[in-house]
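Have a look at the structure below, then the notes.
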Amino acid sequence: MIELRGIEKSFGPKNVLRGVDLTIPKGESMVIIGGSGTGKSVTLKCVLGLITPDKGEILVDGQDVTKLRQGSSERDAFLARFGMLFQGGALFDSLTVWQNVAFRLLRGTMKKTKAEAREIAIEKLRRVGLTPDVADLYPSELSGGMQKRVGLARAIAAEPEIIFFDEPTTGLDPIMSGVINELIREIVVEMGATAMTITHDMTSVRAIADKVAMIHGGKVRWTGPISQMDNSGDPYLTQFITGSADGPIESVR
Amino acid sequence: MKFLATIGRSVLGLLAAIGRVALFAVETISHLFRPPWYPREFGAALMQIGYFSLPVVGLTTIFTGGALALQIYAGGARFSAEAVVPQIVAIGMVRELGPVLVGLMIAARVTSSIAAEIATMKVTEQIDALVTLSTNPMKYLTLPRVLAATLVMPILVAVGDTIGIMGGYLVGTGRLGFNPGTYLTNTIDFLEWLDIVSSLSKGAVFGFLAALMGCYFGMGSARGAAGVGAATKGAVVAASVLILAANFILTELFFAA
């Protein structure tokens, strides 16, 4: 279970998060929506410890992860339970595809032999719909959709309990988006993982989410199960999901 | 008063920057004593920084050694001191030009590529990805590069010194009519151990600075293509200036009368 309590974060004079409260029960898929620049990514990076919040606490199974020191073994143990799919894939371009997928398995506490790591990498690649012959290619030789799949394979390689997806469908064509959404849904369900996804793609939301939270103005504006999203009665949420230019959310033109 | 405030602000900014670089350096060195280490990254850095820099080091120093011989001959001829060409070429290359030229070439070739690579990794979230994969970027990216540059630069400088002297020798014997045997004896007799020790020590310090600046500016890169460009430029400028400043300080330490 992940609990965010009163998370605040400013960058200089800009108050990005003004008290985010959010609970993600174990094994559920939470999708966070909101316009660009509303602090969705910052929220996610706070949980991972890539950004330290100014105020508030983040409890993962009761442990406050904002207190873990960089590089400490507790923090390494905490991160070992995570998998993350980055927006642009964030594949290491100096390593081949299989070395990317097996990154965690080739070094550190989860180290396996090279042959074993490669075998797991190829199995994970297969799981995301890629054939073993891409294993020895470099990320730059792959299309955007394939890079996303490799990123997904890397995120799940070490069997994480918690998976984060940062805008998983950005930059993909609608069909590839559909494929990735389906993959994410399947993988989260079969692994029983707790998932947190950031997106502004409403197709993604409907495909992936058990629960939805909308962030607006640095706070959680609305949260609830996906089934209630369309009849929430919240003008902000309604404007966002219908993509209407008219409504309480100011749009800059 | 406004004028004074401006001076104060830039001095404070400079001091803050020095502090940040010093902390970065201390953190880098501290990882040398704390596992895990990444020998494969270290090996790759040795190849990149050391082996693949050999051509540029050789080309730079051979031409400089040759030009130096010509200049000293022409200059020396004004007071009939043409005969000192071998000695001055040797001392000039080993004490000053060898380490400084190799240092600057490394700043151009290695600092820029380290800064651009790490900055691109930062911009494309690869550094964040490393962290989420339980890998400390300072250990995985910075330490191997800084350590490799510090260890391999003395070797590059030794190669540069030798090839520079060779350049002088080729011009001296081919163009200026020196006897090959005498040229070499004069060179070897004149050089002292201190010259060589100072040359290689300078190399180590310059290598450390060059790689450190590449990593520091790369890690601090702002977003986007412009961010990568600015980081690379900043790294090369800072490395070059620091190398020249360190050269002065080290020369003062080794040779001050």
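The local environment of residue B:152, defined by Cβ-Cβ distances under 13 Å, has a net charge of +2 under the rule Lys, Arg +1 and Asp, Glu -1.
Amide H neighbours of residue A:220 under 5 Å, at least 5 residues apart or on other chains, H built in the peptide plane: list them. Result for residue A:220 returns A:21.
With a 10 Å Cβ neighbour count serving as the proxy for reagent exposure, in which order, fewest first, do A:219, A:45, A:114 appear? Before the final figure, lay out the partial values.
Working: A:219 16, A:45 22, A:114 12.
Going from sparsest to densest Cβ surroundings: A:114, A:219, A:45.
Amide H contacts of residue A:107 (H built 1.01 Å from N, in plane; Pro and chain starts excluded): A:112 sit under 5 Å, all sequence-distant by 5 or more or on other chains.
Partner chain Cβ atoms within 10 Å, averaged over the residues of A:86-92 - can you pull that number for me?
Numbers: counts 6, 2, 5, 4, 10, 3, 7.
Per residue, the average neighbour count from other chains is 5.
What separates the Cα centres of region B:170-224 and region A:97-123 is a distance of 42 Å. Each distinct pair of alpha carbons in chain B adds a 1/r term; the inverse of their mean, the Kirkwood radius, is 19.8 Å.
Shielding of peptide A:59-72 by partners, expressed as the average count of other chain Cβ atoms within 10 Å per residue Cβ, is 1. Between the helical axis of A:114-127 and the longest alpha-carbon principal axis of chain A there is an angle of about 50 degrees.
Could you give the dipole magnitude of chain B about its Cα centre, charging the beta-carbon of Lys and Arg +1 and that of Asp and Glu -1, in debye to the nearest 20?
Working: 15 positive and 12 negative charges, 150 e Å.
That gives a dipole near 720 debye.
Checking the Cα-Cα distances for A:14/B:122; A:40/A:67; B:139/B:202; A:9/A:111; A:67/A:148; A:26/B:122 against a 28 Å cut-off, the pairs over it are A:9/A:111; A:67/A:148; A:26/B:122. Every pair of different Cα atoms in the protein assembly as shown enters the Kirkwood calculation, which places the hydrodynamic radius at 26.2 Å. In terms of packing, defined here as the mean over residues of other Cβ atoms within 10 angstrom, the peptides B:240-249, B:89-98 line up highest first as B:89-98, B:240-249.
Can you give the helix-only mean residue ellipticity at 222 nm for the protein assembly as shown, where every DSSP H stretch with n ≥ 4 adds -39500 (n - 2.57) and the sum goes over all residues, rounded to the nearest 500 deg cm²/dmol? Show your work: numbers first, answer last.
On the way: 19 runs with 282 residues, N = 510.
Calculated from helices alone, the mean residue ellipticity at 222 nm is -18000 deg cm²/dmol.
In nm, what is the difference between 0.36 nm times the number of residues separating residue A:11 and residue A:119 and their Cα-Cα distance?
Numbers: separation 108, 0.36 × 108 = 38.88 nm, distance 4.34 nm.
Contour length minus the Cα-Cα distance gives 34.5 nm.
On a C-alpha basis, how far is the centre of region B:9-63 from the centre of region A:126-184 in Å? Whole number, if you could? What the calculation gives is 34 Å, centre to centre.
Report, as an integer, the average count of C-beta atoms from other chains found within 10 Å of each Cβ along B:31-42.
Averaged over the peptide's residues, the number is 1.
Neighbours of residue A:224, meaning other residues whose beta-carbon lies under 13 angstrom from its beta-carbon, give a summed charge of -2 when Lys and Arg score +1 and Asp and Glu score -1. Compared with the dominant principal axis of the Cα atoms in chain A, helix A:174-191 is inclined by about 80°.
Cα gyration tensor of region A:48-204, axes a ≥ b ≥ c as square roots of the eigenvalues: rounded (a/c below 1.5), prolate (a/b > b/c) or oblate?
On the way: a/c = 1.85, a/b = 1.23, b/c = 1.51.
Note, shape of region A:48-204 comes out oblate.
The charge dipole of region A:88-174, taken about its Cα centre with unit charges on the Cβ of Lys, Arg, Asp and Glu (plus for the first two, minus for the last two), comes to roughly 340 debye. Within chain B, the selection of entire DSSP H helices by a Cα span of 27 Å or greater along the long axis and an average Kyte-Doolittle value of at least 0.0 returns B:2-30, B:54-77, B:143-174, B:193-219, B:224-255.
Peptides B:146-158, B:49-61, A:64-76, B:171-183 ranked from most to least packed, by the mean per-residue count of other Cβ atoms within 10 Å: B:146-158, B:49-61, B:171-183, A:64-76.
Bear in mind these aren't lab numbers, they're just calculated from the coordinates by the rules spelled out. Please read all numbers here as calculations on a predicted model, not as lab measurements. Ideal geometry is used to build each Cβ from the backbone, glycine not excepted, and the neighbour counts take in all protein chains shown.
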